[in-house]
Amino acid sequence: NPAPAFIFATTPTMMIQVHGEPAFRKVTGTEVERLINTRAFIARVPSGQLYLHLWDGYVTAPALSGPWTVAGNVPKDVRTAEKEAVKAKAVDLLGGQANPETGKSPTLKTTPLPAIHVATEPTELIVFEGPANWLPIAGTDLLYATNTVANVFKELEDQQNYVLVSGRWFRAPGFSAPRSFVSGKALPNDFSKIPDTSAKENVLAWSPGTR
């Protein structure tokens, strides 16, 4: 249970996972290379500039670490490589989800560009809508973050925060500190006291000895 890297963001952010060291391969009939160990479409031109397909267009950066900006002129070979990758069903073009209220899909023309992180090691992205907003859980010394879909808690006695990802618990004294794995049996007892009526009752499934 090694701890993955964690990215905690308070503004719109997206993460692209690369499985291991970046592996670029030349695309036949073009002058570009495609990053093959990720589902996103990322192409590299001879100058080293990178192009990532996002929503209805491309963003570009001098390196995987960024900074990523909306691309103006996209080289023809990049578009050719994209078509070949789509034909081979080898990529996800990151089209984005439509706004449930307007029915409109995100567009690089008007939608603010999120921060883009390209990870080459196991990484978890936790996004908050602004600074973490904590709410107490009745009958416990636990607080939980209300402005994220993730399961993020703070225990008042030990002042550690706990995150549940993929059925595993990790804790740290703060969001910027390295995290360590915590077995279910080593969790503070208050996790087993979370009421069935709580908004976070679902995490009882990962608290041993609970119903």
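The values are calculated or read from the model by the stated rules, or taken from the named source; none is laboratory data. Remember, predicted model here, so these are calculated numbers, not experimental data. Virtual Cβ from ideal backbone geometry, glycine too; neighbours counted across all protein chains shown. Accessible surface is based on the protein model in full, side chains and every heavy atom, while ligands, DNA and RNA are left aside. Shrake-Rupley method; radii C 1.70, N 1.55, O 1.52, S 1.80 Å.
Rounded to the nearest 10 degrees, the inclination of helix 76-87 to the longest alpha-carbon principal axis of the chain is 60 degrees. Using a Gaussian network model of the chain in which every pair of alpha carbons under 10 angstrom is joined by a spring, one finds that among L113, L35, L135 the greatest mean-square fluctuation is at L135.
Given axes a ≥ b ≥ c from the Cα gyration tensor, I'd like to know whether the range 139-211 is rounded (a/c under 1.5), prolate (a/b larger than b/c) or oblate. Note, shape of the range 139-211 comes out rounded. From the Cα gyration tensor of the range 16-133, with a ≥ b ≥ c the square roots of its eigenvalues, which class applies: rounded if a/c is under 1.5, or else prolate if a/b is larger than b/c, or else oblate? Since a/c reaches 1.5 and a/b is larger than b/c, the shape of the range 16-133 is classed as prolate. GNM remark for the chain: springs join alpha carbons under 10 Å apart, and the peak mean-square fluctuation among V18, V86, V32 falls on V86. Taking a sphere under 13 Å around the Cβ of F175 and counting the other residues whose Cβ falls inside, with K and R at +1 and D and E at -1, yields a net charge of +2. N151 sits among other residues whose Cβ lies under 13 Å from its own Cβ, and their net charge, with Lys and Arg +1 and Asp and Glu -1, is +2.
V203 contributes an accessible area of around 0 Å² to the protein surface, as traced by a 1.4 Å probe with all chains present.
Here the 3J(HN,Hα) profile of the range 7-20, calculated from phi with Karplus coefficients 6.51, -1.76 and 1.60 at θ = phi - 60°, is 10, 9, 10, 10, 10, x, 9, 10, 10, 10, 8, 9, 8, x Hz, Gly and Pro shown as x. Looking at the chain, the accessible area is 56 square angstrom per residue; that uses a 1.4 Å probe and ignores ligands, DNA and RNA.
Computed over the range 1-156, relative contact order equals 28 percent, with contacts defined as Cα pairs under 8 Å that lie 6+ residues apart.
As a fraction of the 1.4 Å probe accessible area of the range 27-97, surface on carbon and sulfur atoms comes out at 50 percent. Taking amide hydrogens as placed 1.01 Å from N in the peptide plane, the amide H of V152 sits under 5 Å from those of A145, each at least 5 positions away in sequence or on another chain.
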